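Here's the structure, in structure tokens; my notes come after.
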């Protein structure tokens, strides 16, 4: 297990787990992870903002197909950046058969993020994807592998076919992925295809096959992946429901407490004894960003922990500085609160929202926003009456959604996460020179305790501060060799957070 990291930095949001954050963590010998969500749009908007620091240009100069890099540059780069109230040029929407322009942007954007995260050190870097966001999978993964990504992490679904995709892409062989389509019939063509050699138009040396870590919340899913995945599953991140972002829904019928949050119970706990018996490395996540929780995880047989919230608010993360400072201040004043919104996300997964003035978490602000779905990463693929594949989002205009066969009740309380997450990292879309998109910050329940990472007298902290604090737990485990509560207990050990 010595080749695996003790701490995995979570792959948070769109651009919060930026290349800067992943680079900082990996330089310190732990696993830095970039978020793979919406990287094509993020690259396009960074270029339209003038590419501050010329980092995108530097990475694109290393892209193995210069003509693709040049096309992207010519399409999106604005010298000096666009004006604040000017809208960003849109990126084509993903579909089962994506246009060449979008495939090029997607491959290059994932390459750029991983390339920059890997600069200046020799340690592995990971990238995190949501299985539920399927349409960009193949070009995204290939782009990350072109840049030498060391780990692929994926949750929010059952990624049985991803290990096989990694095997094929390592040799630049074509890979396929079956798109989930609501109402699909057996003979419908749902297969997405990406052929690297055809895309590149030339031969390249073989690529390193990254390790694959599945993010899971149940013993059943762990067993299923090991038995049925079409390639090696190298480990698991076992994520509890106190983690930020999307949470696995509670098992059984959804029940809400008085505040409107989903209720999790005994059925939602993971039996770590059974996980250990599978014989693969695992990390615990969701409330494990404390030294003593790392010590517990190691004593329970885990390789380490995945931590998101603590890193989300450090200096190197991509989160907007005003949001960071406001939420660190709430932690310091004991006013921080995270709400598990069971309806906000169009994915139908519960979604953690940090309560912050001036963001989408305030319903009165969001109610003034026109319902627009123009990024579309969380759209649902569905079969039309004519047998074609189309796309709908429960956060788009209600009449449009219903006209596509959606149920009006599914639109109640839905929010456009795609635009909100772009606003979180300083790239909000401007509309008609008047309306500018609001952000919506996601965070785990550990938001209340991030003040502990602040050095004396400081209002900010770094990734190094987080790692130094957490590794006290690893040292404590070495000293406390008699801490065998998890290994010697006759009753199953449960993941608690």
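If you go through the stretch 94-104 and keep only what is within 23 Å of the chain's Cα centre (by Cα) and either part of a loop (DSSP other than H, G, I, E, B) or more than 23 Å from residue 66 (Cα to Cα) (or both), you end up with 94, 95, 96, 98. Among the numbered conditions (1) surrounded by fewer than 24 Cβ atoms within 10 Å (Cβ to Cβ); (2) out of contact with any strand residue (DSSP E or B) (no Cβ under 7 Å at 6 or more places or on another chain); (3) closer than 21 Å to residue 52 by Cβ, the only one that residue 422 does not meet is (1). Residue check: is residue 145 closer than 17 Å to residue 22 by Cα and modelled with pLDDT under 95? No; evaluated as a whole, the condition is false for this residue.
Quick check on my filter: what residues within the stretch 73-88 are exposed (fewer than 12 other Cβ atoms within 10 Å of the Cβ) and not in a loop (DSSP other than H, G, I, E, B)? The answer is 74, and nothing else. Looking at residue 54, is it in contact with a strand residue (DSSP E or B) (Cβ under 8 Å, 6 or more places away or on another chain) and either in a helix (DSSP H, G or I) or under 20 Å from residue 424 (Cβ atoms) (or both)? When the stated conditions are applied, residue 54 does not pass them. Considering 379, 383, 392, the condition of being within 24 Å of the chain's Cα centre (by Cα), surrounded by 15 or more Cβ atoms within 10 Å (Cβ to Cβ) and farther than 29 Å from residue 18 by Cβ is satisfied by 392 alone.
The test for being out of contact with any helix residue (DSSP H, G or I) (no Cβ under 8 Å at 6 or more places or on another chain), surrounded by fewer than 15 Cβ atoms within 10 Å (Cβ to Cβ) and under 16 Å from residue 328 (Cα atoms) does not hold for residue 405. If you check 107, 112, 91 for being in contact with a helix residue (DSSP H, G or I) (Cβ under 8 Å, 6 or more places away or on another chain), in contact (Cβ under 8 Å) with a residue 24 or more places away in the chain, in a loop (DSSP other than H, G, I, E, B) and buried (at least 22 other Cβ atoms within 10 Å of the Cβ), only one passes: 91. Whether any residue in the stretch 1-16 is under 25 Å from residue 60 (Cβ atoms) and part of a helix (DSSP H, G or I) is what I want to check. No, the stretch 1-16 has no match at all.
Restricting the search to the stretch 330-372, which residues are at pLDDT 80 or above and more than 22 Å from residue 12 (Cα to Cα)? Correct list: 332, 333, 334, 335, 369, 370, 371, 372. The residues on offer are 43, 28, 47, and the sole one that is surrounded by 15 or more Cβ atoms within 10 Å (Cβ to Cβ), closer than 30 Å to residue 283 by Cα, touching a helix residue (DSSP H, G or I) at 6+ places or on another chain (Cβ under 6 Å) and at pLDDT 95 or above is 28. If you go through the stretch 98-126 and keep only what is in contact with a strand residue (DSSP E or B) (Cβ under 8 Å, 6 or more places away or on another chain) and over 30 Å from residue 29 (Cβ atoms), you end up with just 103. Would it be correct to say that residue 70 is in a loop (DSSP other than H, G, I, E, B), surrounded by fewer than 24 Cβ atoms within 10 Å (Cβ to Cβ) and free of Cβ contacts under 8 Å to residues at least 24 places away in the same chain? No: the conditions fail for residue 70.
For the stretch 117-138, state whether one or more residues are over 25 Å from residue 285 (Cα atoms), in contact with a helix residue (DSSP H, G or I) (Cβ under 6 Å, 6 or more places away or on another chain), in a helix (DSSP H, G or I) and touching a residue at least 60 places away in the same chain (Cβ under 8 Å). The answer is no, given that none of the residues of the stretch 117-138 is over 25 Å from residue 285 (Cα atoms), in contact with a helix residue (DSSP H, G or I) (Cβ under 6 Å, 6 or more places away or on another chain), in a helix (DSSP H, G or I) and touching a residue at least 60 places away in the same chain (Cβ under 8 Å). Which one is modelled with the highest pLDDT among residues in the stretch 254-283 that are surrounded by fewer than 13 Cβ atoms within 10 Å (Cβ to Cβ) and assigned to a helix (DSSP H, G or I)? The residue in question is 277. Residue count for the stretch 284-313 under the criterion of being farther than 26 Å from residue 214 by Cβ and crowded, with 20+ Cβ neighbours inside 10 Å: the result is 1.
The values are calculated or read from the model by the stated rules, or taken from the named source; none is laboratory data. Only a predicted model underlies this, so the values are computations on that prediction, with no experimental measurement involved. Don't worry about glycine lacking a Cβ; one is built from the backbone with ideal geometry, like all the others, and counts go over all protein chains shown.
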